[in-house]
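The values are calculated or read from the model by the stated rules, or taken from the named source; none is laboratory data. Quantities reported herein were computed from a predicted structural model and do not represent experimental measurements. All Cβ positions, even for glycine, are placed from backbone atoms using ideal geometry, and neighbour counts span all protein chains on display.
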Amino acid sequence: SIVYLNGDFLPVENAKISPLDRGFLFGDGIYEVIPSYDGKMVGVNGHLKRMLNGLTEIGINVDKSIADWVSLCEKLCELNHYGALGIYIHISRGTDTKRHHAYPEGITPTIFMMTFEIPVPSLPDSKTAKGYSLISTEDLRWQRCHIKSTALLGNVMHYQQGHEAKCNETLLYNNKLELTEASSSNVYIVKDGVVITPPLDNQILPGITRDILLAILREDGSIKIEERVVTLEEAKNADEIWISSSSKEIAPVTLLDGNIVGDGKVGEVWQKAATLYSKNKFNY
Ligand code: PLP
């Protein structure tokens, strides 16, 4: 595949980064993943704005406009022959001359981009859709989860817990037994027809899929939404649970800690919401 590194497009085998890069030594960087289907990106502005917010928050300055980023993304998709692609952007603080915690002055950020294949979304069908299984565990990551940091060990360790339990994802709750998100997805429950999702704060990543889904549901108006604290207890008694991310879109969950969710089938509200998402996502 063709990747982008610091101004050049080149085969991945030829892309080389110094071991003194702070992305490697400290996980000192921001990343982003933008879904693209046959060259049409979903939520590109939202993704890029979140990335720029993250860079500002950690004090990395990159001299590129949103339009510059969009054209790099478009070019990379073209060079990788389109299809269903996740566009991965990784910006680290750059390469230092020694290993030292303080932000070095006058170094240039390292910019790396690649694409990887993502599933081709099929039209949501509750009869054939695969129900996800989750385990739940206490969220032991850091307190700045709104930053899409390349330092993902906390998320990786939680994901692995689910994987080892033969589940698809790990649902996380804080020490007050309130849901935060999953290790690589946002979370929603449905109770009595109302979609409820935890509010944006430092405990969760402001997911772009979440943002687009909520905008679409508000626009449509037929499904009630609440952004508020959701307890683990509420999740256990929910009629439906969903998780969302750029690559899986809106995924229905049918098992939580080995127990069926609702009636154990992929839910009706999911069918409706996921259909609205798939019909309208390219408008965002
Ligand atoms: N939460 C976490 C921790 C994530 O890593 C991700 C994406 O990978 C999400 C939520 C979903 O975000 P998005 O919808 O922008 O892909």
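Is there any pair linking a residue in segment 255-284 that is over 17 Å from Gly221 (Cα atoms) to one that is surrounded by 15 or more Cβ atoms within 10 Å (Cβ to Cβ) and among the aliphatic types (A, V, I, L, M), with Cβ under 6 Å and at least six apart or on different chains, and which?
If the second residue must be surrounded by 15 or more Cβ atoms within 10 Å (Cβ to Cβ) and among the aliphatic types (A, V, I, L, M), the pairs left are Leu256/Leu134; Asp257/Ile135; Val261/Ile241; Val261/Val253; Val266/Ala129; Tyr284/Ile212.
Are there any pairs, at least 6 apart or on different chains, whose C-beta atoms fall under 6 Å, with the first in segment 102-114 and assigned by TED's automatic domain parsing to the domain that holds Lys16 and closer than 23 Å to Glu13 by Cα and the second surrounded by 14 or more Cβ atoms within 10 Å (Cβ to Cβ) and of a type in the set (Gly, Ala, Ser), and if so, which?
Thr108/Gly94; Pro109/Gly94; Thr110/Ser92; Thr110/Gly94
Find the residue count for segment 202-234, including only residues that are within 13 Å of the ligand (Cβ to nearest atom) and out of contact with any helix residue (DSSP H, G or I) (no Cβ under 7 Å at 6 or more places or on another chain).
Matching residues across segment 202-234 total 9.
If I go through segment 235-246 residue by residue, how many of them are surrounded by fewer than 18 Cβ atoms within 10 Å (Cβ to Cβ) and either closer than 27 Å to Met51 by Cβ or within 16 Å of the ligand (Cβ to nearest atom) (or both)?
Of the residues in that region, 0 qualify.
May I ask you to list the residues in segment 145-171 that are in a loop (DSSP other than H, G, I, E, B), in contact with a Phe, Trp or Tyr (Cβ under 8 Å, 6 or more places away or on another chain), closer than 24 Å to Phe26 by Cβ and not basic (Lys, Arg)?
Matches in segment 145-171: Thr150, Ala151.
Taking the stated definitions as given, is Pro199 in a loop (DSSP other than H, G, I, E, B), in contact with an Asp or Glu (Cβ under 6 Å, 6 or more places away or on another chain) and within 16 Å of the ligand (Cβ to nearest atom)?
Criteria met by Pro199.
Please determine, by comparing only the residues of segment 82-111 that are touching a strand residue (DSSP E or B) at 6+ places or on another chain (Cβ under 9 Å) and charged (D, E, K, R), which one is surrounded by the fewest Cβ atoms within 10 Å (Cβ to Cβ).
Top of the filtered list is Asp96.
Which members of segment 230-257 meet the condition of being within 17 Å of Gly193 (Cα to Cα) and in contact with a Pro (Cβ under 9 Å, 6 or more places away or on another chain)?
Of everything in segment 230-257, those that are within 17 Å of Gly193 (Cα to Cα) and in contact with a Pro (Cβ under 9 Å, 6 or more places away or on another chain) turn out to be Val230, Glu240, Ile241, Trp242, Ile243, Ile250, Pro252.
Which residue pairs have Cβ atoms closer than 6 Å, lie 6 or more positions apart in sequence or on different chains, and pair a first residue in segment 139-160 that is more than 21 Å from Ile34 (Cβ to Cβ) with a second residue that is charged (D, E, K, R) and at pLDDT 95 or above?
From residues that are more than 21 Å from Ile34 (Cβ to Cβ), the pairs are Gly154/Arg141.
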